[in-house]
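There's a structure below that I have some questions on.
The values are calculated or read from the model by the stated rules, or taken from the named source; none is laboratory data. Here the structure is a predicted model, which is why all the values come from computation and not from measurement. We place every Cβ from the backbone using ideal geometry, glycine too, and count neighbours over all the protein chains shown.
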Amino acid sequence: MSKARSAPVRAAFIHLALIAYTLVALFPVFLTLVNSFKSRSAIFSQPMALPTPSTFSLIGYQTVLNQGNFIGYFQNSLIVTVVSIALVLLFGAMAAFALSEYRFRGNTLMGLYLALGIMIPIRLGTVAILQGMVAAGLVNTLTSLILVYTAQGLPLAIFILSEFMRTVSDDLKSAGRIDGLSEYAIFFRLVLPLVRPAMATVAVFTMIPIWNDLWFPLILAPGEATKTVTLGAQMFIGQFVTNWNAVLSALSLAILPVMVLYVIFSRQLIRGITSGAVK
Amino acid sequence: MSDTEMADIETVPVKRPTRWHIAVFLAPAFLVYTAVMILPLIETLRLSLFNMVEGQLAFVGFRNFQTLFGDPRLSADFWNALRNNVIFFIIHMLVQNPVGIAIAAMLSLPGLRFAAFYRSAIFVPTLLSFVIVGFIWKLILSPIWGIAPSLMDLVGLKWAFAPWLGKAETALIAVSLISVWQYVGIPMMLIYAALLNIPDEVLEAAECDGITGWSQFWKIKLPLILPSIGIVSVLTFVGNFNAFDLIYTVQGALAGPNGSTDILGTLLYRTFFGFQNQMGDRSMGATIAAVMFLIILAGVALYLFVIQRRMRRYQF
């Protein structure tokens, strides 16, 4: 058939197109990482070259680590992200279990109510959120960010987890009930371990927007002690905008944790997005 | 389903009076979600109907909206931001989604080598924060560093280079394309998943009828992935009309040059918090947030009640 003849040519074109786009996607990241290890003059004279012994320099990283409080920012981001994910997973799984396991009046309504937040961004309530946080004395605390991110992550988490919980075998739960397990024990000991893969997916989905968010740290916790990495990098770069070594190093430091996590979790993340698509 | 019912019937009689555990399971999520998300949203909408009258917060009806749409000082900013936001969205729909679909279509071809590598690599920008993306592109497009002009020189296009981010006519397009670059991964992944979900039998039947390659994509696959394209479009819509971070990082809160990249998110930020010589205004901030809410709600409702309903017949 004609298909057989044109197949190699077509495959070559497809690879060409995909390689081209991969370069477009990765080149800016590559450029930043490479140049962060070069001296100032080399950044400008040979921006595309890999660092050589003569152009290698860590001056940018030294500036960042001496001038900025990046370790503190990392700590803040880590605390906010980890605690928010833990709360989203725990609360989300509990609510998803209630919605998928029990029939009670208002079940569908509750499900719809909790799903509203998937489409309506929490950011639109910022004016009143700030007001509320001021009233509660939570401005410039990590707690305020954790609360906001937990609320933000819950709708999608509940939606995904309740889909998965419907697939947990009923026989297992019935057996548990006959053995006299309480509903809490059934949830924590039988159901939770079985939906662990879905929990990992939700964790990755929840993590990215929290780690990368600029809006809420800027508004709720702009103080030096509570800055997150994203906000810290933004402010630091704003101040050092002409110090290219420092800017590139700060960017590289901000990319690093995301890339490490991506390498670890990419299979989980992609499987989550394309879930059900595995033939 | 019937198993669940039976399980309920078996266990329920003992605890029928009130099944407290349901409430316990639902309470934490419900409380946090309601207190931090829903109530502030409602309160913001309510605040948009109030303003300071003689030093006191008073109900003013829709006067804030009148000011926003008609007041010579504010409305110019508002209409400018709305127009820019619409352009921002259109560029995403015209560039981001077709490119995402094209990449997904190529990736999903059976027997393609290195598909996993391409997929992971192309998704990388989506994971980066706006701050990183914004500054990287600012540096690349900067005439001082000269990366962009020297790259364009390689393909003989150096004459076409201009400091796009700094010129009012091109800045919005440049910022939109940066955002497109960052977010291509999302349509790519969702469409890719949809393409993999098309049953083999359908494609085999098409091949038996001699429909392969391009025509197979246009005639068979594209109609089948329309529901996913619908979801991608509504996600793009919500994301775009809620965008802020990238513009703030690249062009600052003033969304320069000369307001040419100002969108609703940056306008909300400036109005609510104030910037430089402008005082922060809570009521007008709430009013802009309310307008954004209505725009997003209208888009989502259009999708749910019109588009999705028509598409359902394509699903398996």
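Restricting the stretch B:226-239 to residues that are under 8 Å from the mean Cα position of the chain (by Cα) and within 11 Å of chain A (Cβ to nearest Cβ), which is nearest to B:MET188 (Cα to Cα)?
Initial filter on the stretch B:226-239 (under 8 Å from the mean Cα position of the chain (by Cα)): B:234-239.
Filter again for within 11 Å of chain A (Cβ to nearest Cβ), leaving B:234-235, B:237-239.
Working: B:VAL234: 15, B:LEU235: 13, B:PHE237: 16, B:VAL238: 18, B:GLY239: 16 Å.
Checking each candidate, the answer is B:LEU235.
Scan the stretch A:152-183 residue by residue and report those that are hydroxyl-bearing (Ser, Thr, Tyr), under 20 Å from A:THR108 (Cα atoms) and touching a helix residue (DSSP H, G or I) at 6+ places or on another chain (Cβ under 6 Å).
A:SER162
Of the residues that make up the stretch A:41-48, is at least one closer than 26 Å to A:GLU183 by Cβ and surrounded by 17 or more Cβ atoms within 10 Å (Cβ to Cβ)? Even if it seems obvious, please write down each step before you answer.
To start, the set of residues in the stretch A:41-48 that are closer than 26 Å to A:GLU183 by Cβ comprises none.
No, that holds for no residue.
Another one. Quick check, is A:PHE104 of a type in the set (Phe, Trp, Tyr), crowded, with 20+ Cβ neighbours inside 10 Å and either free of Cβ contacts under 8 Å to residues at least 60 places away in the same chain or part of a helix (DSSP H, G or I) (or both)?
Details: of a type in the set (Phe, Trp, Tyr): yes; crowded, with 20+ Cβ neighbours inside 10 Å: no; either free of Cβ contacts under 8 Å to residues at least 60 places away in the same chain or part of a helix (DSSP H, G or I) (or both): yes.
Against the criterion (of a type in the set (Phe, Trp, Tyr), crowded, with 20+ Cβ neighbours inside 10 Å and either free of Cβ contacts under 8 Å to residues at least 60 places away in the same chain or part of a helix (DSSP H, G or I) (or both)), A:PHE104 does not qualify.
On the basis of being of a type in the set (Lys, Arg), within 9 Å of chain B (Cβ to nearest Cβ), more than 30 Å from A:PRO121 (Cβ to Cβ) and free of Cβ contacts under 8 Å to residues at least 24 places away in the same chain, does A:ARG189 make the cut?
No: the conditions fail for A:ARG189.
List pairs: first in the stretch B:30-49 and in contact (Cβ under 8 Å) with a residue 24 or more places away in the chain and of a type in the set (Val, Ile, Thr), second in a helix (DSSP H, G or I) and crowded, with 19+ Cβ neighbours inside 10 Å, Cβ under 7 Å, 6+ apart or cross-chain?
B:THR44/A:LEU124; B:THR44/A:GLY125; B:THR44/A:VAL127; B:THR44/A:ALA128; B:THR44/B:ALA286; B:THR44/B:ALA289; B:THR44/B:ALA290
If you take the residues in the stretch A:205-232 that are part of a helix (DSSP H, G or I) and more than 17 Å from the chain's Cα centre (by Cα), which one is farthest from the other protein chains (Cβ to nearest Cβ)?
A:ALA225
Take the residues of the stretch B:144-166 that are within 23 Å of A:SER252 (Cβ to Cβ) and of a type outside the set (Gly, Ala, Ser): which is surrounded by the fewest Cβ atoms within 10 Å (Cβ to Cβ)?
B:ILE144
To continue, here is another question. Of everything in the stretch B:51-64, what is of a type outside the set (Val, Ile, Thr) and surrounded by fewer than 19 Cβ atoms within 10 Å (Cβ to Cβ)? Give them in sequence order.
The answer is B:MET52, B:GLU54, B:GLY55, B:GLN56, B:LEU57, B:ALA58, B:PHE59, B:GLY61, B:PHE62, B:ARG63.
So which pairs qualify, if the first residue must be in the stretch A:7-19 and more than 12 Å from B:LEU112 (Cα to Cα), the second must be assigned to a helix (DSSP H, G or I) and modelled with pLDDT of 85 or more, the Cβ gap must be under 7 Å, and the two must be at least 6 apart or on different chains?
Pairs that qualify, where the first residue is more than 12 Å from B:LEU112 (Cα to Cα) and the partner is assigned to a helix (DSSP H, G or I) and modelled with pLDDT of 85 or more, are A:ALA17/B:MET106.
Further question on the same structure: Please tell me if A:VAL202 is within 18 Å of the chain's Cα centre (by Cα), more than 11 Å from every other protein chain (Cβ to nearest Cβ) and among the β-branched types (Val, Ile, Thr).
Answer is yes for this residue.
State whether the residues of the stretch A:73-92 include one that is modelled with pLDDT of 95 or more, farther than 16 Å from A:PRO209 by Cα and more than 7 Å from every other protein chain (Cβ to nearest Cβ).
yes
Please count how many residues of the stretch B:221-258 are assigned to a loop (DSSP other than H, G, I, E, B) and either more than 18 Å from B:TRP137 (Cβ to Cβ) or small (Gly, Ala, Ser) (or both).
Of the stretch B:221-258, the ones assigned to a loop (DSSP other than H, G, I, E, B) are B:241-244, B:252-258.
In the following step, the residues that additionally are either more than 18 Å from B:TRP137 (Cβ to Cβ) or small (Gly, Ala, Ser) (or both) were identified as B:241-243, B:252-256, B:258.
Qualifying residue count for the region: 9.
Counting only residues that are among the aromatic types (Phe, Trp, Tyr) and more than 8 Å from chain A (Cβ to nearest Cβ), how many does the stretch B:118-162 have?
So the answer is 2.
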